[in-house]
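The values are calculated or read from the model by the stated rules, or taken from the named source; none is laboratory data. Just so it is clear, the structure is predicted and the values come from calculations on it, not from any experiment. Cβ atoms come from the backbone with ideal geometry, glycine included; neighbour counts cover every protein chain shown. For the accessible areas, the whole protein counts, side chains as well, though only heavy atoms, and no ligand, DNA or RNA atoms are used. Shrake-Rupley method; radii C 1.70, N 1.55, O 1.52, S 1.80 Å.
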Number of protein chains: 4
Amino acid sequence: MFFGSDNWAGAHPVIARRLSEEADGFSAPYGASELDRQVEQKFNELFEREVAVFFVGTGTAANALALAAVNRPGGVTFCHREAHLIEDECGAPEFFTHGARLAPVDGEDGKIDPHNLMTEIKRFPPGFVHTGQPMAISITQATEIGTLYRPEEILAIASIAKDKQLPLHMDGARFANALVALNCSPAELSWKLGVDIVSFGATKNGCWCAEALVFMQPDMAKDLPFIRKRAAQLFSKTRFIASQFDAYLTDDLWLSLARHANDMGQRLQNGIRSSRHARLAWEAETNEVFCIMETDRAESLQEQGAIFYPWNPPHSKLALLEENEVLLRLVTSFATQEAQVDQFIDILG
Amino acid sequence: MFFGSDNWAGAHPVIARRLSEEADGFSAPYGASELDRQVEQKFNELFEREVAVFFVGTGTAANALALAAVNRPGGVTFCHREAHLIEDECGAPEFFTHGARLAPVDGEDGKIDPHNLMTEIKRFPPGFVHTGQPMAISITQATEIGTLYRPEEILAIASIAKDKQLPLHMDGARFANALVALNCSPAELSWKLGVDIVSFGATKNGCWCAEALVFMQPDMAKDLPFIRKRAAQLFSKTRFIASQFDAYLTDDLWLSLARHANDMGQRLQNGIRSSRHARLAWEAETNEVFCIMETDRAESLQEQGAIFYPWNPPHSKLALLEENEVLLRLVTSFATQEAQVDQFIDILG
Amino acid sequence: MFFGSDNWAGAHPVIARRLSEEADGFSAPYGASELDRQVEQKFNELFEREVAVFFVGTGTAANALALAAVNRPGGVTFCHREAHLIEDECGAPEFFTHGARLAPVDGEDGKIDPHNLMTEIKRFPPGFVHTGQPMAISITQATEIGTLYRPEEILAIASIAKDKQLPLHMDGARFANALVALNCSPAELSWKLGVDIVSFGATKNGCWCAEALVFMQPDMAKDLPFIRKRAAQLFSKTRFIASQFDAYLTDDLWLSLARHANDMGQRLQNGIRSSRHARLAWEAETNEVFCIMETDRAESLQEQGAIFYPWNPPHSKLALLEENEVLLRLVTSFATQEAQVDQFIDILG
Amino acid sequence: MFFGSDNWAGAHPVIARRLSEEADGFSAPYGASELDRQVEQKFNELFEREVAVFFVGTGTAANALALAAVNRPGGVTFCHREAHLIEDECGAPEFFTHGARLAPVDGEDGKIDPHNLMTEIKRFPPGFVHTGQPMAISITQATEIGTLYRPEEILAIASIAKDKQLPLHMDGARFANALVALNCSPAELSWKLGVDIVSFGATKNGCWCAEALVFMQPDMAKDLPFIRKRAAQLFSKTRFIASQFDAYLTDDLWLSLARHANDMGQRLQNGIRSSRHARLAWEAETNEVFCIMETDRAESLQEQGAIFYPWNPPHSKLALLEENEVLLRLVTSFATQEAQVDQFIDILG
């Protein structure tokens, strides 16, 4: 019963096999191989336009380098108060931008509220050096708490971004999960709505280590080759990342894997909904499920072999918890089996 | 009618004179002169203990280097959501700490609420690398909105700091104003309550350019000489800062100046309280006064020669303002004359 | 005829196979798995002491984080004038140390001259803030130009390091090649000579992506978990790195691979030595060979399918080249076949 | 006998007086006052073109922010091996540029040799991420060792800068001393030769604290307002810097002061030239004089009240010193009296 995170899973067999096939032979390193070019072309097709793609090793690297690409002195990036950027990257975004700030924006359900976004941006009069200067907006899709921005919600934020001439970044560590849940194409959920940069995650969804940073306007990435190398994220044998993406993106494998993870998430959520011993913290829509139960019961489940972790409650949900209760996050993945879910629901009771 | 900020004033004549006296002769540069030693000794006496003192050129430098001295990778400093550190230093604290974060803590009246502080700190489980690690707590005294922490309020925060082994920094850009308003000695308002580092400002209160960074435990500052030099804040002719402090601290000049500034602030506040055309945003206790009036009226006052600026409303006060209203900050200083205050109240009506 | 670099090779079949075996199942991420623990234990055995090991994704990351671990404000690391740190990492060491400097030390044959090292260190009087402060010494073994420090040469440098209380770092991107060439054990070539930190490279020698940062005194690495996470180098599915090391270090596979690479290097060097159309730039001892030939001839070889690159001449070797000549680097690897070498020598003539 | 450095002097009476006159009254802070505008206009006239001027507090700040303005990821600035940037700023240039490197270029007499400069630049193939990328060239005028670049020497370097599209920075901590020694106007010694940015120092030459960063093409400085604020170098009461420059630049006071300093330097040099107990290390042309004597004698002079310091020998001059000898730097200033010089020569014998 592994619900600790989607990265407890290993690699999908098709991806593992494809990776093995690359073991032999010689190939230009540092992103210069034929395979690198082919996979980059796949991204062009995927996004239905010419994009600039950079492979990196971790989701944190993708996010941090996205902001580094659009960095400004005294820069401020607006993101949700509980964004992964703020809560889970140990200050990497600030470090890679030499101290640019992440300004927290409140909003329900893990999503930036456009009205609050405007309020925060207005605190920065243009050219006023004391406050620093806005440099980007970042949203997470699917969000950190398993919810989804609807296309029109992204559009509302993108409209502010455009008006303020701020690049719009999407942390897509679980981009695939969002796509299948919303039944959108990559283009429909990104640049067609005004998204400029996507951290395109694949590690959580079946790869070993494959993250891509995708710029919709290649010009925006003109310094990225140097930024990535300086960040120690230019891998020498890049074909090992490229080949994973090659298998991942072929025959819609990635979408099938995400669909499975989401289905397992919803199966788990449904089970919890009918439990007498736990309640849903909110309605999740992807492969992350959040529930509340008594602390004792959570510990008992862990003793019975269920793996999951407590989660810091969002600021807007602090009142949901009673004193003896705990908020839990349970994550499913491409590798989660129905039987695991059912077993968990069974012991939960 | 100069209420733009206390730094619209120049220098007090006694300080200006003392500075001129240092023009002649030769003296060891870079903080090595006899006068530097004498003034450092004055700080020991002032704080009733042996402290480590570093002169720097701006309040932003003092604050940023205070945090740099206690910096940790992935570090997080807890401060009020509208602290000067966050709102007015263009990211300098993050820059000088290589990206350490300022975590905003909500609280009424410009002051950190200890309960909220605990809630925020609890989001950082010890040793958990994803969130980063707490590295300091910073409070501002007097606060950015003219209010004051009472000694027992500081004690409550210091008790959390001690429990979590976090250094407690005080941004004392207006430390003198706080001291006279609370009738405390420097020691009583700092280390006796658990404050470890004070940004001791003098520029706003009658100097040209004199800021000191004071460490109550000299050990905490062992890297500071290199940090300050690397920060381009080691002035060559330091005697020009030392001599200002020399005059500033002699015969309680600094406290007299702060008392005058506060008196003028209260006179201004009383005048506004009885106005039909403006209302106090909250009760200020020092030399910064905040009021709300119609935007048209504010502009009319400016046209009649009054200098002041609109202020970003604190997040907890967003509801105070009607649509056609504006929040204004008015600041008095050692140089403010009664007649200026009375004239302003008069034209306000 | 692939002599571009050792990272043109892929992965050794044993390592590829071992990696595939890890595809299935669930495992604690972020370095917390049982396998991570086992492989860390292997490093203890390898180095014959308890070491602190951190897996990272690139050699640049290993080097840069090694220096970040011992970082000081205004810090200066002494390394050879043509060290990889200086010439090939796009400023990553400076970036990850917030600007600590790499001070170039001249020396013949790619090796720091201890006398020059002392001369450079003496430029930094203790406590003198203007110059900054020494923070580390870094050597490369095998060196960037295919030569080797003899144990007694390392000892001479380590003795200076110890005297000046500076940690001694070894960039071991080709550590295995050095070990087999010198017939030393890892302990004999590191801490027994006074080396404190080793960047232990495996990628160039048969892995896909496996680098380890090894601290001989675990205390020196106490901030490294946060430093690594902030650097975006904490991989979620770390078992994919651990498993490569597992295979790499089992049954001395790594030493066999390095021995083969060195043998191929020497075979290539011998061939060049007897050529009429090229001459050795200097005697290499490992898997990197440097020769000089006319630019036209180099281009002709490339047209005939040989892959190699020109190399920036060391400052001490600038006089070696005639105007129409070029310095070339040729690198062999675990995957280089004798036939490739012989074919190259054949067409070289 | 104060020859420790030119910053052992205080402030010239005219400048001190002008500063005092600014003590009264109210004035817009943060560079927004009428006086700031007037002094900026003086710089336009001085340089015979529209320049962008930024006041900062230290020479290190001016130099570091000059490079920050033209910063690039993985950037490399070429400067003389013993430039102040490298030897005396505790890593500030690297810190403020987030780790951009200073590449040392050898050259006689404290001056970059254009041939060596080309050799170093050629090590950076365009677009090659591993080496990083050239971002600027910096020269010091007058140099750190009291010599001068002739206009045609600057032209040769500027021609390389132009060809490689690199901005050319001049560290002018002693710009005035160079101007009077070469009998050039500011324009003739800067942009007319191809210099893009000047660190225009005034502190060493009679001010208390007045440094200006001057950009010949204002576009190059478009981020500087935020960079300076983030660097904690935006002073609140900027009129205190502006007023010093106002007096400094009026009636050619600055040139008179520099001329006196140079004259004293030459008088000192002539005295040493005829001494039996010391010899000139090289011919200085401004107010810094370098001589070699026995260590015992140097100590004896210090005991007799002469203040001066030993100096790290330039790499190209290491052979000048016998074992028991020391290289000394002696600096004169606007405040040096003939009698001091003569007394020193007298006791030197």
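Structural remarks
- All of A:PHE78, A:PHE47, A:PHE54, A:PHE43 fail the test of being surrounded by 18 or more Cβ atoms within 10 Å (Cβ to Cβ), within 14 Å of chain C (Cβ to nearest Cβ) and out of contact with any Cys (no Cβ under 6 Å at 6 or more places or on another chain), apart from A:PHE54.
- Which listed residue, of B:ALA100, B:ALA61, B:ALA9, is within 11 Å of chain A (Cβ to nearest Cβ), among the aliphatic types (A, V, I, L, M) and open to solvent by less than 20 Å² (accessible area, probe 1.4 Å): B:ALA100
- When D:ASP219 is tested against (1) closer than 22 Å to B:SER20 by Cβ; (2) over 20 Å from the mean Cα position of the chain (by Cα), just one condition goes unmet, and that condition is (1).
- Number of the exception - B:GLU323 against (1) touching a helix residue (DSSP H, G or I) at 6+ places or on another chain (Cβ under 8 Å); (2) in a loop (DSSP other than H, G, I, E, B); (3) modelled with pLDDT under 95: (1)
- Across segment A:226-242, not a single residue is classified as surrounded by fewer than 23 Cβ atoms within 10 Å (Cβ to Cβ), out of contact with any Cys (no Cβ under 8 Å at 6 or more places or on another chain) and outside any loop (DSSP other than H, G, I, E, B).
- Among the residues of segment B:280-301, those that are assigned to a helix (DSSP H, G or I) and hydroxyl-bearing (Ser, Thr, Tyr) comprise B:THR295, B:SER300.
- Among the residues of segment C:168-205, those identified as of a type outside the set (Asp, Glu) and part of a loop (DSSP other than H, G, I, E, B) are C:ALA173, C:ARG174, C:ASN183, C:CYS184, C:SER185, C:PRO186, C:ALA187, C:LEU189, C:SER190, C:GLY194, C:VAL195, C:ALA202.
- Among the residues of segment C:12-39, those that are within 10 Å of chain A (Cβ to nearest Cβ) and in a loop (DSSP other than H, G, I, E, B) comprise C:HIS12, C:GLU22, C:ALA23, C:ASP24, C:GLY25, C:SER27, C:ALA28, C:PRO29, C:TYR30, C:ALA32, C:SER33.
- Complete set of residues in segment D:132-157 that are surrounded by 22 or more Cβ atoms within 10 Å (Cβ to Cβ) and without any contact (Cβ under 8 Å) to a residue 40 or more places away in the chain: D:TYR149
- In segment B:1-24, the residues that are among the aromatic types (Phe, Trp, Tyr) form Cβ pairs under 6 Å with partners that are part of a helix (DSSP H, G or I), at six or more places apart or across chains, as follows: B:PHE2/B:TRP8.
- Selection of strands (runs of 3 or more DSSP E) fully inside segment D:40-129 by the criterion of at least 3 residues being over 15 Å from the mean Cα position of the chain (by Cα), more than 28 Å from A:ALA232 (Cβ to Cβ) and at pLDDT 95 or above returns D:52-56.
- The listed residue being in contact (Cβ under 8 Å) with a residue 60 or more places away in the chain and outside the structural domain of B:LYS111 (by TED's automatic domain parsing), out of B:GLU325, B:GLU338: B:GLU338
- Residue in segment A:206-225 that is farthest from the other protein chains (Cβ to nearest Cβ), counting only those that are assigned to a loop (DSSP other than H, G, I, E, B) and not hydrophobic (A, V, I, L, M, F, W, C): A:GLN217
- Qualifying residue in segment D:82-92 (condition: in contact (Cβ under 8 Å) with a residue 12 or more places away in the chain, crowded, with 23+ Cβ neighbours inside 10 Å and away from chain C (no Cβ under 13 Å)): no
- Among residues of segment C:64-75, those that are under 15 Å from C:PRO134 (Cβ atoms) and open to solvent by 10 Å² or more (accessible area, probe 1.4 Å), counted: 4
- Test result for A:LEU320, under 27 Å from the mean Cα position of the chain (by Cα) and closer than 19 Å to A:ASN270 by Cα: no
- Within segment D:245-279, being open to solvent by 80 Å² or more (accessible area, probe 1.4 Å) and either assigned to a strand (DSSP E or B) or at negative phi (or both) holds for D:ARG259, D:ASP263, D:ARG267, D:ASN270, D:ARG273, D:SER274, D:ARG276, D:ARG279.
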